[in-house]
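Where a number appears in this text, it was derived from the coordinates with a stated rule and is not lab data. Fair warning: this is a prediction, and the values are worked out from it, not measured in the lab. Using ideal geometry, Cβ is built from the backbone for each residue, glycine included, and neighbour counts are taken over all protein chains shown.
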Amino acid sequence: MEEPFRNGLYERSREQKVARWIAGVFGFYLVSIFLVPALMPADTVPELSGRANMLDYANEESWGNDEHLEGGQMGHNQSAHGGSFAWMELNPYYAFVYGFGDFNCHQKHERSWTINGNQMPVCVRDVGIFLGLTIGAWWFSRRGLNRWTLRDTFLTILPDSWMDSLYRVDRRMMAMLAIGLGMSLPLILDGGIQATTDYESVNPLRLATGVPFGFVISWFFASSLASRPIQFDGDARRVMLPAGARLMSEAPVTD
């Protein structure tokens, strides 16, 4: 007779589907930020310096192409850094990749890599974040299981033997929050100290702090989409948990 998975169910297609979609979306953009500057003619994208969550290089009249003071917190004299750049003049695929980067990233050239003489669409820290987002979702597709609640589903990518003691004293919510904080803290500290003091991080450290942050974000996102009480027919007692723990529900859940 077929053995159930660790959560008590006999299939995990939803967990795989959710995680693969997340990994596919973020993985597509991760590959694109390397591929697009490599495919573009050499020296097409100059040194950029914009603002996060703003469109600074959409066209020739955009903010990023102005002659800002050098050495400021945001922007620079674009004419002194290779001339203007307008991603709306690129083909749709290239424009999407650079437009998405323009809106989501400051694109400071000193914090970014260059490929084929073209600055990449996002900074090195964002490269690490997208790498982490992709790996985290991929790993959930391999190990993640629906265990009714977000916290219990989140913890399934770890071996149950590691979780036994936490379940005996019901510290799984604390464990989820501690993992999230622990994987986010390196980025928060490195970026926060850099933003508020004269400290200037280095690109390898930016990459290294971005990966765990992205990993835990996609891990949490995949867990939130994969946790589905309806797969247990609304009966929480069917959920298998570490250390023989059981969920309890007052009434069946219907969809």
Going residue by residue through region 116-121, the Karplus relation 6.51 cos²θ - 1.76 cosθ + 1.60 with θ = phi - 60° gives ³J(HN,Hα) values, rounded to whole Hz and with x marking Gly or Pro, of 6, x, 10, 5, 5, x
Taking the Cα centre of region 119-255 as origin, work out the dipole magnitude from +1 charges on Lys and Arg Cβ and -1 charges on Asp and Glu Cβ, in debye rounded to 20.
360 debye
If one computes P(r) from the Cα atoms of region 194-236, what percent of pairs lie at distances over 14 Å?
68 percent
Listed residue (73, 9, 48) projecting farthest to the positive dipole end of region 1-85, Cβ model:
9
Where the centroid of each part is defined by its Cα atoms, how far is region 140-215 from region 47-125 in Å?
31 Å
So the pair-distance distribution of region 88-240, from every Cα-Cα distance in 5 Å bins, comes to percents of 2, 9, 14, 17, 15, 12, 11, 8, 6, 4, 2, 0
Residue-wise HN-Hα coupling along region 3-20, computed from phi with Karplus coefficients 6.51, -1.76, 1.60 (Hz; x: Gly, Pro)
7, x, 6, 5, 8, x, 9, 9, 8, 9, 5, 5, 4, 5, 5, 4, 5, 5
Name the residues whose placed amide hydrogens come within less than 5 Å of the amide hydrogen of residue 77, ignoring near sequence neighbours (fewer than 5 apart) on the same chain.
68, 70
From the C-alpha gyration tensor of the chain, pull out the three semi-axes of the equivalent ellipsoid (sqrt of 5λ each), sorted largest to smallest, in whole Å.
44, 20, 14
Tell me which of 140, 229, 105 sits at the most positive position along the dipole axis of the chain, charges placed on C-beta atoms (Lys, Arg +1; Asp, Glu -1).
229
Spelling it out for residue 118: with amide H atoms placed in the peptide plane at 1.01 Å from N, the residues 5 or more places away or on another chain with amide H under 5 Å from its amide H are 43
Helix-only CD estimate at 222 nm, as mean residue ellipticity for the chain, using -39500 (n - 2.57) per DSSP H run (n ≥ 4)
-16500 deg cm²/dmol
With θ set to phi - 60° and the Karplus curve 6.51 cos²θ - 1.76 cosθ + 1.60, what are the ³J(HN,Hα) couplings of region 176-185 in order, to the nearest whole Hz, using x for Gly and Pro?
4, 5, 5, 5, x, 5, x, 7, 8, 4
